[in-house]
1. Using a 7 Å offset from Cα along Cα-Cβ at residue 4, what residues in segment 74-112 end up with backbone N under 13 Å from the label point?
2. With +1 on each Lys and Arg Cβ and -1 on each Asp and Glu Cβ, and nothing else charged, work out how big the dipole of segment 258-341 is about its Cα centre, in Debye to the nearest 20.
3. Which entries in 247/276; 160/201; 119/145; 195/281; 83/201 show an alpha-carbon gap greater than 24 Å?
4. Once you have the Kirkwood Rh of segment 246-310 from its Cα pairs, apply Stokes-Einstein at 25 °C and 0.890 mPa s and quote D in µm²/s.
5. How do 140-147, 238-245 rank on mean C-beta neighbours within 10 Å, highest first?
6. Hey, can you list the DSSP H helices of the chain whose Cα span along the axis is 27 Å or longer and whose average Kyte-Doolittle score is at least -0.5?
7. Once the chain is represented by equal point scatterers at the alpha-carbon sites, with solvent omitted, what log10 I(q)/I(0) does the Debye formula produce at q = 0.07, 0.14, 0.15 Å⁻¹?
8. Please compute, for the alpha-carbon atoms of segment 144-199, the extent along each of the three principal axes and give them in descending order in Å.
Amino acid sequence: MGFIAFLKTQFIVHLLIGFVFVVSGLIINFIQLCTLLLWPINKQLYRRVNCRLAYSLWSQLVMLLEWWSGTECTLFSDEATVKTFGKEHVIIILNHNFEIDFLCGWTMTERFGVLGSSKVLAKRELLYVPLIGWTWYFLEIVFCKRKWEEDRDTVIEGLKRLSDYPEYMWFLLYCEGTRFTETKHRISMEVAESKGLPKLKYHLLPRTKGFTTAVQCLRGTVSAVYDVTLNFRGNKNPSLLGILYGKKYEADMCVRRFPLEDIPQDEKEAANWLHKLYQEKDALQEMYNQEGIFPGKQFKPPRRPWTLLNFLFWATILLSPLFTFGFGVFASGSPLLILAFLGLVGAASFGVRRLIGVTEIEKGSSYGNQEFKKKE
């Protein structure tokens, strides 16, 4: 094991990375709070500023994937589709099987210049998570309770508010509603059988309300739907902790573009279109499992230096005073100060671990276990 590889496994290094992310995130959140003054004066300027502030935070996580772990991301698509990336408003449909599927998605948005303006339909509980939910609030992310009767008006209003967004945005939808587990899959397929729908082997039954509503509300703004099917070579199941430890993975993403005008305007027909799409996604997963490759031409968009430079900027600003303060505490010889400092380190460690825990599958939502039993 080389020295760099050794450093990647050390807890103190992980803690310093977490410190930079958390403290820079709180600073960014405070600046975002101040930008609210811009909203009544110049809404579009407010949005552009917040896109860059969000980029400064999220790109630190992308840096971990690209530069720290060295994970490779390969696209399988066609040239015409790849040429549209970052040049139009789109809805992204991504399978929800892995703890870091969102991070692979963010990597692609970064490489095509839309990381700061990327959107998602998120569960409302995330609104109260520091850094993650707070940053999303200022980005006008649409939050929902996952109870359609209560969410309908909120989701429609939030989506329509994005119709004049000044930056190209990729709006991510996890149509399955929750991460794939065997238990959720079994319940989901029971629902499929009761509704006379074809069973899926690698996906949960897509929940159509969010998709059909997004398509209806964003017509005239969004140009296309990108269907993304993600897999990892070697049958790997990566985690954020694995990325933090410097483990390298190889992600393959099959991307298909569907012009929005090809998607039916009728809600029921659009729902049927989505069910058919997921049957095709299942077939793609089956092909990948058998052949180890997706159809289409391979593209490897080059990683850009901005994520690394952004992290180094924050690390330089924040770690220098931290080291000076820590050295002063131990140099003082005061047991009280030393214990207080160690307590602060312990609290920081706990906080970083809780933030990582948000991505873990075993700590994911129970939404799929219960909601699939109800009528969609």
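The values are calculated or read from the model by the stated rules, or taken from the named source; none is laboratory data. Treat the numbers as computed from the prediction; the structure is a model and nothing was measured. No Cβ is skipped: glycine too gets one built from the backbone with ideal geometry, and neighbour counts run over all protein chains shown. Note: areas computed on protein heavy atoms with side chains; ligands, DNA, RNA excluded. Shrake-Rupley method; radii C 1.70, N 1.55, O 1.52, S 1.80 Å.
1. none
2. 700
3. Beyond 24 Å between Cα atoms: 247/276; 160/201; 83/201.
4. D = 161 µm²/s.
5. Going from most to least packed, we get 238-245, 140-147.
6. Going by DSSP H runs, the hits are 11-35, 43-63, 306-332, 335-357.
7. These q points yield log10 I(q)/I(0) values of -0.33, -1.30, -1.49.
8. Reported extents, whole Å, longest axis first: 42, 25, 19.
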